[in-house]
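Chemist: Just dropping this structure here.
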Amino acid sequence: MDVDALRAGTPGCRHRIHLNNAGAGLMSQATLDTVVEHLRLEAEIGGYEAAGATAGRVAAVYAGLAELLGGRADEIALFDNATHAWQAAFYSVPLKAGDRVLTGRNEYGSNVLAYLQAARRVGAEIVVVPNDEHGQLDTHALAELIDERTRLIGVTHVPTAGGLVNPAAAIGRVARAAGVPYLLDATQSAGQFPVDVAEIGCDFLCGTGRKFLRGPRGTGFLWVRDGILERLDPHVVEIESADWDGARGFDWVPGAQRFATWEMNYAAVLGLGAAVDQALNLGLDEIGKRNAELGDRMRGVLEDLPGVTLHDLGSRQCAIVTATVEGVESEQVVARLAASGVNVTVTVPGHQQFDTEDRNPPPLIRFSPHYYNTEDEVEHAAALVGAMVGKPL
């Protein structure tokens, strides 16, 4: 991996140290050019006409995502964000009073709210699987909690507020053995390291373009295993997802397209395709190796600082690192780093509610390097943090 060349092709690297890739990765110049080029084409010949002229390239986006995930193009649906993709999957699973949904303590906040709505709306029971001794989902407890009323296992692969990587493939083996549908939120993992739906054994997987894939904002995707479609009832129907039968009924279109909507931001979709192509060309194994090294380095230099506490769980950890600084509120640390040209962010308890019930962590500073960051950038950011210890504004 030629990090210097990657940085030269990333405009944002010229004036910032960007350690907020779990929020939104920096687009490459090639991705930016793709988005702008299509917007210009729409302005010059019209939106419908531009969509027609680039139909083959749009189709290639589905193929690229399928290759990225180890699935098929007809198992992919495109969305404007990962949350809408996740919701399309979740709300398609028929639930009634007494049905059980099993999830983990590190589940993402929007997913938790949807679970709570299902409990309120239909009387479903939400069961939170305990963590094991490493702080990740306990697969043995998961297997024991599954019963005849269990309708879904929903898990976040990598949480928004920490560096752990949940044992997705082990969870998949439990789900397959029990015959229970398995929904994996890969929002923070897709593009950060290899994610293979066949190896994991999930039935649904959602992700976003804006984070570790380095695509534009306003892009998301859903993969749905073909064999589970007949067990689902998509929550929304429209002209892209179904065909009128000529009378007073309709038929779902084949594949994952039944979850999609007709209108899309074609410039953003093509930008997503350019970002996916870049990830595939670099190789997810190489990306994953580089990111693991940077995450370990970030964690190591922060851990060595007196007055800095790390909060990451899990036996396997990734390039997301969370910390607090003694005597300084996390929001202050983030603001002071920003003033020095370093991008990080704060995670809040309301975005990981079940974890908050368990650990009750304070707002955490989240560092998330990516493969185009350098070791010098990581060490410089850590030095700035170390200089803040015990020095509130």
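Chemist: Going through segment 196-214 one residue at a time, which ones are part of a helix (DSSP H, G or I) and more than 18 Å from Asp74 (Cα to Cα)?
Modeler: Correct list: Glu199, Ile200.
Chemist: I would also like to ask the following. Condition check: assigned by TED's automatic domain parsing to the domain that holds Ala274 and touching a residue at least 12 places away in the same chain (Cβ under 8 Å). Does Leu41 satisfy that?
Modeler: Answer is yes for this residue.
Chemist: Among the residues of segment 161-188, write down those that are surrounded by fewer than 24 Cβ atoms within 10 Å (Cβ to Cβ) and in a loop (DSSP other than H, G, I, E, B).
Modeler: Val165, Pro167, Gly179, Val180, Pro181
Chemist: On the given criteria, is Leu137 crowded, with 24+ Cβ neighbours inside 10 Å and not small (Gly, Ala, Ser)?
Modeler: yes
Chemist: Right, something else. Can you tell me which of (1) of a type in the set (A, V, I, L, M); (2) crowded, with 18+ Cβ neighbours inside 10 Å; (3) over 21 Å from the mean Cα position of the chain (by Cα); (4) in a helix (DSSP H, G or I) is the one Ala43 doesn't meet?
Modeler: Of the numbered conditions (1) of a type in the set (A, V, I, L, M); (2) crowded, with 18+ Cβ neighbours inside 10 Å; (3) over 21 Å from the mean Cα position of the chain (by Cα); (4) in a helix (DSSP H, G or I), the odd one out for Ala43 is (2).
Chemist: Out of Gly25, Gly71, Gly64, which single residue is assigned to a loop (DSSP other than H, G, I, E, B) and over 28 Å from Ala381 (Cβ atoms)?
Modeler: Gly71
Chemist: Looking at Ala51 and the list (1) closer than 30 Å to Leu116 by Cβ; (2) assigned to a helix (DSSP H, G or I), which single condition is not satisfied?
Modeler: (1)
Chemist: Which ones in segment 93-133 are buried (at least 21 other Cβ atoms within 10 Å of the Cβ) and part of a loop (DSSP other than H, G, I, E, B)?
Modeler: Scanning segment 93-133 gives Val93, Arg105, Asn106, Glu107, Tyr108, Ala124.
Chemist: Okay, next question. What is the number of the single condition among (1) in contact with a Pro (Cβ under 7 Å, 6 or more places away or on another chain); (2) in a helix (DSSP H, G or I); (3) in the same structural domain as Ser368 (by TED's automatic domain parsing); (4) among the aliphatic types (A, V, I, L, M) that Ala268 does not meet?
Modeler: Going through the list (1) in contact with a Pro (Cβ under 7 Å, 6 or more places away or on another chain); (2) in a helix (DSSP H, G or I); (3) in the same structural domain as Ser368 (by TED's automatic domain parsing); (4) among the aliphatic types (A, V, I, L, M), Ala268 breaks only (3).
Chemist: So, one more: Condition check: of a type in the set (D, E, K, R), within 24 Å of Ala338 (Cβ to Cβ) and either in contact with a helix residue (DSSP H, G or I) (Cβ under 9 Å, 6 or more places away or on another chain) or assigned to a helix (DSSP H, G or I) (or both). Does Arg7 satisfy that?
Modeler: Answer is yes for this residue.
Chemist: Now a separate question. Mind telling me which of the residues Arg366, Arg316 ends up being surrounded by fewer than 21 Cβ atoms within 10 Å (Cβ to Cβ), of a type in the set (Lys, Arg), modelled with pLDDT of 95 or more and not assigned by TED's automatic domain parsing to the domain that holds Arg105?
Modeler: Testing whether each residue is surrounded by fewer than 21 Cβ atoms within 10 Å (Cβ to Cβ), of a type in the set (Lys, Arg), modelled with pLDDT of 95 or more and not assigned by TED's automatic domain parsing to the domain that holds Arg105 leaves just Arg316.
Chemist: Now, a different point. Check segment 27-37 and report whether any residue there is under 30 Å from Gly201 (Cβ atoms) and in contact (Cβ under 8 Å) with a residue 60 or more places away in the chain.
Modeler: Checked against the condition, which is being under 30 Å from Gly201 (Cβ atoms) and in contact (Cβ under 8 Å) with a residue 60 or more places away in the chain, segment 27-37 yields no hits at all.
Chemist: Right, something else. Hey, among the residues in segment 71-124 that are in contact with a strand residue (DSSP E or B) (Cβ under 8 Å, 6 or more places away or on another chain) and among the aromatic types (Phe, Trp, Tyr), which one's nearest to Asp138 (Cα to Cα)?
Modeler: Tyr108
Chemist: Might you let me know whether segment 352-362 holds any residue that is out of contact with any Gly (no Cβ under 8 Å at 6 or more places or on another chain) and either in the same structural domain as Thr160 (by TED's automatic domain parsing) or aliphatic (A, V, I, L, M) (or both)?
Modeler: No: segment 352-362 contains no residue that is out of contact with any Gly (no Cβ under 8 Å at 6 or more places or on another chain) and either in the same structural domain as Thr160 (by TED's automatic domain parsing) or aliphatic (A, V, I, L, M) (or both).
Chemist: Being modelled with pLDDT of 95 or more, farther than 17 Å from Ala22 by Cα and of a type in the set (Ser, Thr, Tyr) is true for just one of Thr324, Thr345. Which residue is that?
Modeler: Exactly one of Thr324, Thr345 is modelled with pLDDT of 95 or more, farther than 17 Å from Ala22 by Cα and of a type in the set (Ser, Thr, Tyr), namely Thr324.
Chemist: Hey, another quick one. Taking the conditions exactly as written (free of Cβ contacts under 8 Å to residues at least 24 places away in the same chain and more than 15 Å from Asn20 (Cβ to Cβ)), does Leu310 satisfy them or not?
Modeler: yes
Chemist: Against the condition of a type outside the set (Lys, Arg) and either in contact with a Lys or Arg (Cβ under 7 Å, 6 or more places away or on another chain) or in a helix (DSSP H, G or I) (or both), how does Leu313 come out, does it pass?
Modeler: Taking the combined requirement at face value, the residue does not satisfy it.
The rows are residues; the columns are (1) touching a Gly at 6+ places or on another chain (Cβ under 9 Å); (2) not hydroxyl-bearing (Ser, Thr, Tyr).
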{"residue": "Phe250", "(1), (2)": "no, yes"}
{"residue": "Gly255", "(1), (2)": "no, yes"}
{"residue": "Leu280", "(1), (2)": "yes, yes"}
{"residue": "Gly300", "(1), (2)": "no, yes"}
{"residue": "Asp304", "(1), (2)": "yes, yes"}
{"residue": "Gly314", "(1), (2)": "yes, yes"}
{"residue": "Thr324", "(1), (2)": "no, no"}
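Chemist: What's the number of the only condition in (1) over 27 Å from Thr261 (Cα atoms); (2) in contact (Cβ under 8 Å) with a residue 12 or more places away in the chain that Ile76 fails to meet?
Modeler: (1)
The values are calculated or read from the model by the stated rules, or taken from the named source; none is laboratory data. Here the structure is a predicted model, which is why all the values come from computation and not from measurement. Using ideal geometry, Cβ is built from the backbone for each residue, glycine included, and neighbour counts are taken over all protein chains shown.
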